[in-house]
Structure formats: C-alpha cells, structure tokens
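The structure appears right after this line, and notes come after that.
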Amino acid sequence: AKGTDKNDDPILGPEEKNVYWHGDVTKDDQQAAIRMVKPGEAEESVTYVNRVLAFIFATDESFEKLMQLPKEPFKMSSGDQLDIHLAHISLS
C-alpha cells in the first residue's frame, strides 16, 4: 500500500513487527494521516490512518469499543504513533 514498505502488512503481518507509515503526517503531533473526502461530506479533510484501518478491518466487537474512544488518533500499544499495525491499536 502507498505509505508503507511493500514488505509490511498492517492487517495480517506478524504482531511482533511494527508497520511504519512513510506517508503524510500531521504537523502538530506527527500522526500518520491521509487526506480524503468522508462519506456525506463534500470537502477533503485530514484523517488518521489508524482510524481508517480500524473502520475498514476491525472486527465488529473491536470496532464498537474503538468508537467509544475520543475522535483522536488511536493510541498504539507499541508506543510509536507512526506504527499503523492494526493489532497494535490500543482498545483503551
């Protein structure tokens, strides 16, 4: 995928390996980010990569827990906010 190493898989890759984002980041806090037009909106906006991945690939149970968290980038259990491995998204 664009923004990651071609040998890394942020969805099915080994859980012990971080998958680093090499694309755009937010100016203030260096979060992995993309620009996209969200459903129901007309204007492009900045969206956090880890939230998009969770929206597309998380199990229903995990997704429900994640949607209760603040509308900020999800905290990564690896401690590195440029790690976008789905398994590293903290549910708390």
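No lab work stands behind these numbers, since they all come straight from the coordinates. On a predicted model such as this, the values are computed, not experimentally measured, just so you know. Every residue, glycine as well, gets a Cβ built from its backbone with ideal geometry; the counts of neighbours run over all protein chains shown.
Hand me the trypsin sites (Lys or Arg not before Pro) from region 1-46 located in a DSSP loop with no more than 16 other Cβ atoms within 10 Å, in residue order please.
Working: sites: LYS2, LYS6, LYS17, LYS27, ARG35; in loops: LYS2, LYS6, LYS17, LYS27.
In loop regions of region 1-46 (DSSP not H, G, I, E or B), the sparsely surrounded trypsin sites (Lys or Arg not before Pro) are LYS2, LYS6, LYS17, LYS27.
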Nitroxide proxy distance, nm - points 7 Å out along Cα→Cβ at ASP5 and THR26: 2.6 nm
Relative contact order (%) - region 1-82, alpha-carbon pairs under 8 angstrom, separation at least six: 24 percent
Directionally averaged shadow of the chain, computed from the convex hull of its alpha-carbon atoms, nm²: 6.3 nm²
